[in-house]
Amino acid sequence: MTLTSITTRHLDHVLATAQREGRLPSVVAGLVRGGSLVWTGAVGTVDGRADGRPADDDTQYRMGSITKTFVAVAVLRLRDAGRLDLTDRFGAHVPGTALADVTVEQLLTHSAGLQAETEGPWWERTPGGGWEDLTGSGVGQRFRAGRRFHYTNVGYGALGRLLEEHHGRGWFDVVHDELLEPLGMSRTTTRPTGSAAQGLAVHPFADVLLPEPEHDAGAMAPAGQLWTTVTDLARWATFLGGDTAGLLSADTLAEMVEPHHVVDEPGKAWTGAHGLGFQVWNVDGRRSAGHGGSMPGFLASLRVALGDEAAGGGDGVVVLTNTTASSVLRGVTTDLLAGLAEREPVTPAPWSASGHPGLLELVGPWHWGPMVETARVVGEHLVLGEPGTGRGSRFRRVGDDLWEGLDGYHTGEPLRVLRRPDGTVSHLDLATFRLTRTPYDPDADVPGGVDEAGWA
């Protein structure tokens, strides 16, 4: 799609305002929709000087912790291939460490209780050692595994090592061969190549700059090593939006963006959670997934709206900048994504009659005891009640007269259609609850029976 000139001017203005107000040496951003990059913007110079080289969509920046999402997808590919289970203990795959008893899932969701950082010097600013150096330094747990969310860079160093143990080669070689190369992300690397921005710190009280160091983080590299461009990272946003090029199933991707552990901040409502490698946000009922990133000299953001495509699901934003700290990144990420949704709303597909008349016997009012639920067919789903309200849910057909719940309380639960000898529908059995055409229909085999005197 092509955005209108009014929309692109608005987006350019949002980015330029953020660059000036945030005193960002340079910032690049992109928006994706429908599996394509529909807008990019760049403001500033790679060294932060007025006469410096302008940033563009081929300029590399460090993505920081967005690196973790690539590691997580590679781990889930192992799971889907039957080579591990998420409930496996880490020690079953990487023996001989103090991390042996935590599970793979706990590492992915930052719920293993591991310490956040290493025991050595500030790992983001100093060259890193190997796996033995990391584990031999005394890294361990701060909390009981499974108790709470506690973000851990060390945990993703461990997951990188798990990939190496299974594949017999470096973690980045795995990510490159299985993800980057098939997706055409040729400008995503472990160290800067070609056109790359200088990592910079901006003085808090003066308009002067300090170059930040850059190095190989060794065993900690899987926690935040990768460099990328806005074009490459936009391809990863389309991956998260559902265009996985067959590298990950839709069911596994959906599993990765389910909220597994909320991010609990005292005094604040829960708006964030962590899935299997991805951060998840729920703001005003709108869900999105992605990850933030920070390394000395760099900040990055990846966010993709979840939900129905007609409501903006799949729209994504990526932002990269070369400054150590700034308060504007979250705002510009939100504003760019909102600007696309508000100024270029998705045109819904036209309605057409596509239902199956054979399902008419299931639609209409049903009674769960004295309560009334209405069943209707929407697309390929049987919908009972209102999903998101009470126990309302969509159901997908998984067999003859057998459906499976997709939402809320009934997710994964069976809905069976029970028939009379003549083949007509008698009642529905929803996870042992009986739904009948009239309240407590005595002919529908209601568990516990129905009082013989009937209603009075």
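If you go through segment 85-107 one residue at a time, do you hit one that is of a type in the set (D, E, K, R) and part of a helix (DSSP H, G or I)? Spell out the reasoning first.
Just the residues of segment 85-107 that are of a type in the set (D, E, K, R), to begin with: 85, 88-89, 101, 105.
Now narrow it down to the ones that are part of a helix (DSSP H, G or I): 105.
Among the residues of segment 85-107, at least one is of a type in the set (D, E, K, R) and part of a helix (DSSP H, G or I), which makes the answer yes.
Residue-by-condition table, conditions (1) within 21 Å of THR152 (Cα to Cα); (2) out of contact with any Cys (no Cβ under 8 Å at 6 or more places or on another chain); (3) among the aliphatic types (A, V, I, L, M); (4) surrounded by 20 or more Cβ atoms within 10 Å (Cβ to Cβ):
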| site | (1), (2), (3), (4) |
| --- | --- |
| HIS261 | yes, yes, no, no |
| THR271 | yes, yes, no, no |
| HIS274 | yes, yes, no, yes |
| TRP281 | yes, yes, no, no |
| ARG286 | no, yes, no, no |
| ALA289 | yes, yes, yes, yes |
| GLY314 | no, yes, no, yes |
| THR321 | no, yes, no, yes |
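If ASP177 passes every condition in (1) touching a residue at least 40 places away in the same chain (Cβ under 8 Å); (2) closer than 25 Å to ALA300 by Cα; (3) assigned to a helix (DSSP H, G or I) but one, which one does it miss?
Of everything listed in (1) touching a residue at least 40 places away in the same chain (Cβ under 8 Å); (2) closer than 25 Å to ALA300 by Cα; (3) assigned to a helix (DSSP H, G or I), ASP177 misses just condition (1).
Could you check, for segment 346-358, whether at least one of its residues is in contact (Cβ under 8 Å) with a residue 24 or more places away in the chain and closer than 21 Å to ALA234 by Cβ?
First, pick out the residues of segment 346-358 that are in contact (Cβ under 8 Å) with a residue 24 or more places away in the chain: 346, 348-349, 354.
Then keep just the ones that are closer than 21 Å to ALA234 by Cβ; that gives 346.
Scanning segment 346-358, I find at least one residue that is in contact (Cβ under 8 Å) with a residue 24 or more places away in the chain and closer than 21 Å to ALA234 by Cβ, so the answer is yes.
Within segment 226-239, identify whether any single residue is surrounded by fewer than 22 Cβ atoms within 10 Å (Cβ to Cβ) and under 30 Å from VAL139 (Cβ atoms), and answer yes or no.
Within segment 226-239 (the criterion being surrounded by fewer than 22 Cβ atoms within 10 Å (Cβ to Cβ) and under 30 Å from VAL139 (Cβ atoms)), the answer is no, since none of the residues qualifies.
Is there any pair with a first residue in segment 441-456 that is within 12 Å of HIS427 (Cβ to Cβ) and in a loop (DSSP other than H, G, I, E, B) and a second that is modelled with pLDDT of 90 or more and of a type in the set (A, V, I, L, M, F, W, C) whose Cβ atoms are under 8 Å apart and which are 6 or more apart or on different chains, and what are they?
Partner pairs satisfying both residue conditions: ASP441/VAL450; ASP445/LEU418.
Can we say ILE66 is outside any strand (DSSP E or B), β-branched (Val, Ile, Thr), crowded, with 24+ Cβ neighbours inside 10 Å and in contact (Cβ under 8 Å) with a residue 40 or more places away in the chain?
Details: outside any strand (DSSP E or B): yes; β-branched (Val, Ile, Thr): yes; crowded, with 24+ Cβ neighbours inside 10 Å: yes; in contact (Cβ under 8 Å) with a residue 40 or more places away in the chain: yes.
Against the criterion (outside any strand (DSSP E or B), β-branched (Val, Ile, Thr), crowded, with 24+ Cβ neighbours inside 10 Å and in contact (Cβ under 8 Å) with a residue 40 or more places away in the chain), ILE66 qualifies.
Inside segment 358-390, can you point out the residues that are surrounded by fewer than 18 Cβ atoms within 10 Å (Cβ to Cβ), within 24 Å of ARG287 (Cα to Cα) and of a type outside the set (Asp, Glu)?
Residues satisfying the conditions are VAL378, GLY379, HIS381, GLY388, THR389, GLY390.
Going residue by residue through segment 136-147, is there one that turns out to be assigned by TED's automatic domain parsing to the domain that holds VAL280, surrounded by 20 or more Cβ atoms within 10 Å (Cβ to Cβ) and within 20 Å of VAL71 (Cα to Cα)? Before the answer, list the steps.
Step one: filter segment 136-147 for residues assigned by TED's automatic domain parsing to the domain that holds VAL280, giving 136-147.
Among the residues that remain, those that are also surrounded by 20 or more Cβ atoms within 10 Å (Cβ to Cβ) are: 139.
The next check asks that each one be within 20 Å of VAL71 (Cα to Cα); those that pass are none.
No, segment 136-147 has no match at all.
Working carefully through the options LEU24, LEU76, find the one that is in contact with a Ser or Thr (Cβ under 7 Å, 6 or more places away or on another chain), buried (at least 21 other Cβ atoms within 10 Å of the Cβ) and in a helix (DSSP H, G or I). Step through it out loud before you land on a result.
Numbers: LEU24 fails: in a helix (DSSP H, G or I).
Matching residue, one of LEU24, LEU76: LEU76.
Do we find that SER294 is farther than 17 Å from GLU258 by Cβ and either part of a strand (DSSP E or B) or modelled with pLDDT under 90 (or both) in this structure? Spell out how you get there, then give the answer.
Values: farther than 17 Å from GLU258 by Cβ: yes; either part of a strand (DSSP E or B) or modelled with pLDDT under 90 (or both): yes.
So SER294 passes the test.
Taking ARG287 as meeting all but one of (1) touching a residue at least 60 places away in the same chain (Cβ under 8 Å); (2) under 22 Å from PRO348 (Cβ atoms); (3) of a type outside the set (Phe, Trp, Tyr), write down the number of the exception.
(1)
When HIS176 is evaluated against the numbered criteria (1) closer than 25 Å to GLY128 by Cα; (2) surrounded by 13 or more Cβ atoms within 10 Å (Cβ to Cβ); (3) in contact with a His (Cβ under 9 Å, 6 or more places away or on another chain), which criterion, by number, is the only one it fails?
If we test HIS176 against (1) closer than 25 Å to GLY128 by Cα; (2) surrounded by 13 or more Cβ atoms within 10 Å (Cβ to Cβ); (3) in contact with a His (Cβ under 9 Å, 6 or more places away or on another chain), just (3) comes out false.
Name the residues in segment 147-167 that are within 14 Å of ALA74 (Cβ to Cβ) and within 18 Å of the chain's Cα centre (by Cα), would you?
TYR156, LEU159
Tell me yes or no: at least one residue of segment 69-90 is at pLDDT 95 or above and under 14 Å from THR321 (Cα atoms). Can you show your working first?
Kept after step one, since they are at pLDDT 95 or above, are these residues of segment 69-90: 69-90.
From what's left, under 14 Å from THR321 (Cα atoms): none.
No, that holds for no residue.
Quick one: is LEU240 in contact with a Phe, Trp or Tyr (Cβ under 9 Å, 6 or more places away or on another chain), without any contact (Cβ under 8 Å) to a residue 24 or more places away in the chain and not acidic (Asp, Glu)?
Values: in contact with a Phe, Trp or Tyr (Cβ under 9 Å, 6 or more places away or on another chain): yes; without any contact (Cβ under 8 Å) to a residue 24 or more places away in the chain: no; not acidic (Asp, Glu): yes.
For LEU240, the condition - in contact with a Phe, Trp or Tyr (Cβ under 9 Å, 6 or more places away or on another chain), without any contact (Cβ under 8 Å) to a residue 24 or more places away in the chain and not acidic (Asp, Glu) - is not met.
Where in segment 320-421 are there strands (runs of 3 or more DSSP E), lying fully within it, with 1 or more residues that are at pLDDT 95 or above and either assigned by TED's automatic domain parsing to the domain that holds GLY30 or more than 26 Å from THR438 (Cβ to Cβ) (or both)?
Values: elements: 364-368, 371-378, 381-384, 393-399, 402-405, 414-419.
Hits in segment 320-421: 393-399, 402-405.
The values are calculated or read from the model by the stated rules, or taken from the named source; none is laboratory data. As the structure is a computational prediction, the values presented were derived from the model and not from experiment. Neighbour counts run over all protein chains shown; Cβ positions are idealised from the backbone, glycine included.
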